[in-house]
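First up is the structure itself, then whatever we jot down about it.
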Amino acid sequence: MKCAKCGAELKKGCLYCSVCGHEAQIVSDYNVLEDDYLRSLLKDGESAKNPQKTEVEPQKNKKKKNNHLLLILCCCFIVTGAAVGVAVKLYIDNKNANSYDYQIEMAEKELVDHNYENALQYYKTALALQPDDIKVREAMAEVYTSQKEYDSALVLYMEILQLDKTNKEAYQHLISIYDEMGDYDSILSLKEDVTDEDILALFDDYEVGEPIISPLSGQYDDYITVVIYSIAGNDIYYTTDGTVPDKENGIPYPQGGIPLNHTGNFEINAVCCNEKGIYSDIVTEEYQIQFKKPDLPSVSPDGGVFSEETTVTITQQKDCTIYYTWDSTDPTTESAVYTEPIVVPEGDYVLSVMAVNNKTGLVSDIYRVNLGYHPQ
């Protein structure tokens, strides 16, 4: 063995070098310089075998850092893009929400696809943007009408009339809806404030002229026949007990009229009814039938004494029969009937005359006259 310091041969069992005094170490039998050289060669050989080893690790770390940075940048771009997209969408939505034309366009598209509820929502938004818009109300009312939501349509058409009292189309639609509902009273009520002649013409089919009754109300001393007629030829119903003369309670008017052939008070109410079942206003006439007894008959000559044969003429009243006696007694229906002029009998007499109405049986007062015939 050799000293590791000076290279001198060490004696077997010595702990220190006898030449340099350095602590003895067990080393192989080769020169230190050779050993250093060998280590150098081994190191160079290792470097040649793995020329990039000392540089690979930093590049991998650098690549990882670059990838991480790129990922962060991508995330930032994505977040920024999303934020921009949301902002743009919000801007567009806000712009559309405040665009009348956009709402109308979208509503019309929804109508094409029969999405009526969606269309109505767009129309409502448009109406909120322009509250006095008539066209939007018309479009909405047409949708409601097509869906038979008549109440909603009626509200819109009434709003149109509030904005434009001369809107003929609104009146036409209102009349059509009320007609469909059978609400003719509302049609006539709708007419009350109308003054425009063209609009008034829309109500012609819903106005029924009143019946005409003849004779007029009054007191009558004879039987009468009440005649009722309709200028338009509509059906006529009447009552005589004060009730409403509709189809349920009324009596169909008969041809020939209504005879009032007994005494008493009568009230006739009558209406006309057209083919739609619309009634006219009720017309009322009142009658009092109170027969009078016949007037006194008229006798000619009206009394006297005659020397020559004389005839007496009695004026016969219409619908009356004349009865008479010569003996001062009261005539009855069993007495002589006057049919032609009668001769005054010879002597002095009291002619008594009365008239009886053939319809009513009423009797006139008795008329008396003194007559005499004394031939010379």
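Does the stretch 305-326 hold any residues that are open to solvent by 30 Å² or more (accessible area, probe 1.4 Å) and not hydroxyl-bearing (Ser, Thr, Tyr), and which are they?
Val305, Phe306, Glu308, Glu309, Gln316, Gln317, Lys318, Asp319, Trp326
What's the total number of residues in the stretch 249-259 that are under 37 Å from the mean Cα position of the chain (by Cα) and under 19 Å from Leu216 (Cβ atoms)?
Result for the stretch 249-259: 1.
Which one of the conditions (1) in contact with a Gly (Cβ under 8 Å, 6 or more places away or on another chain); (2) part of a loop (DSSP other than H, G, I, E, B); (3) not acidic (Asp, Glu) does Lys276 fail to meet, given that it meets all the rest?
Failed condition: (1).
Here are some residues: Ser146, Ser176. Which one is touching a residue at least 24 places away in the same chain (Cβ under 8 Å) and not aliphatic (A, V, I, L, M)?
Values: Ser176 fails: touching a residue at least 24 places away in the same chain (Cβ under 8 Å).
Just a single option satisfies the conditions, and that option is Ser146.
Identify all residues within the stretch 162-175 that are surrounded by 14 or more Cβ atoms within 10 Å (Cβ to Cβ) and either touching a Pro at 6+ places or on another chain (Cβ under 9 Å) or at pLDDT below 95 (or both); write none if there are none.
Lys165 - this is the single residue of the stretch 162-175 that is surrounded by 14 or more Cβ atoms within 10 Å (Cβ to Cβ) and either touching a Pro at 6+ places or on another chain (Cβ under 9 Å) or at pLDDT below 95 (or both).
Take the residues of the stretch 352-376 that are of a type in the set (S, T, N, Q) and surrounded by 17 or more Cβ atoms within 10 Å (Cβ to Cβ): which is farthest from the chain's Cα centre (by Cα)?
Across the stretch 352-376, the extreme among qualifying residues is Ser352.
Using the structure shown, decide if Asp246 is more than 30 Å from Thr166 (Cα to Cα), modelled with pLDDT under 95 and more than 36 Å from the chain's Cα centre (by Cα).
Criteria not met by Asp246.
What are the pairs with Cβ atoms under 9 angstrom where one residue, in the stretch 329-342, is open to solvent by 50 Å² or more (accessible area, probe 1.4 Å) and the other, located anywhere, is in a loop (DSSP other than H, G, I, E, B) and at pLDDT below 95? Sequence gap at least six, or different chains.
Thr339/Gln316
Scan the stretch 294-325 residue by residue and report those that are without any contact (Cβ under 8 Å) to a residue 40 or more places away in the chain and hydrophobic (A, V, I, L, M, F, W, C).
If the condition is that a residue be without any contact (Cβ under 8 Å) to a residue 40 or more places away in the chain and hydrophobic (A, V, I, L, M, F, W, C), then Ile314, Ile322 are the ones that fit.
Among the residues of the stretch 204-236, count how many are outside any loop (DSSP other than H, G, I, E, B) and not polar (S, T, N, Q).
14
Scan the stretch 121-135 residue by residue and report those that are aliphatic (A, V, I, L, M) and either without any contact (Cβ under 8 Å) to a residue 24 or more places away in the chain or loosely packed, with under 13 Cβ neighbours inside 10 Å (or both).
So the first thing to find is which residues in the stretch 121-135 are aliphatic (A, V, I, L, M), and the list is 126-129, 134.
Residues satisfying the conditions are Leu127, Ala128.
Out of Ser152, Ser186, which single residue is open to solvent by less than 50 Å² (accessible area, probe 1.4 Å) and modelled with pLDDT under 95?
After applying the criteria, what remains is Ser186.
Name the single residue, out of those in the stretch 212-237 being surrounded by 12 or more Cβ atoms within 10 Å (Cβ to Cβ) and among the hydrophobic types (A, V, I, L, M, F, W, C), that is farthest from Glu285 (Cα to Cα). Can you show your working first?
The first filter runs over the stretch 212-237 and keeps only residues surrounded by 12 or more Cβ atoms within 10 Å (Cβ to Cβ), leaving 212-215, 217, 220-230, 234-237.
Next, from what is left, pick out any that are among the hydrophobic types (A, V, I, L, M, F, W, C): 212-213, 224, 226-228, 236.
Values: Ile212: 10, Ile213: 7, Ile224: 13, Val226: 10, Val227: 11, Ile228: 11, Ile236: 15 Å.
Ranking the candidates gives Ile236 first.
Give the residue that is least open to solvent (accessible area, probe 1.4 Å), with candidates limited to residues of the stretch 238-271 that are within 29 Å of Asn357 (Cα to Cα) and part of a loop (DSSP other than H, G, I, E, B).
My answer is Gly257.
Picking from Asn269, Asn249, which residue would you name as being free of Cβ contacts under 8 Å to residues at least 24 places away in the same chain and of a type in the set (S, T, N, Q)?
Asn249
Name the residues in the stretch 189-202 that are assigned to a helix (DSSP H, G or I) and either without any contact (Cβ under 8 Å) to a residue 24 or more places away in the chain or of a type in the set (D, E, K, R) (or both), would you? Outline the logic, then answer.
Here is the first cut: in the stretch 189-202, the residues assigned to a helix (DSSP H, G or I) are 189-190, 197-202.
Hits for the stretch 189-202 are Ser189, Leu190, Glu197, Asp198, Leu200, Ala201.
The values are calculated or read from the model by the stated rules, or taken from the named source; none is laboratory data. Just so it is clear, the structure is predicted and the values come from calculations on it, not from any experiment. Glycine gets a Cβ as well: all are built from the backbone with ideal geometry, and neighbour counts include every protein chain shown. We work out accessible area using only protein heavy atoms, side chains counted, and drop any ligands, DNA or RNA first. Shrake-Rupley method; radii C 1.70, N 1.55, O 1.52, S 1.80 Å.
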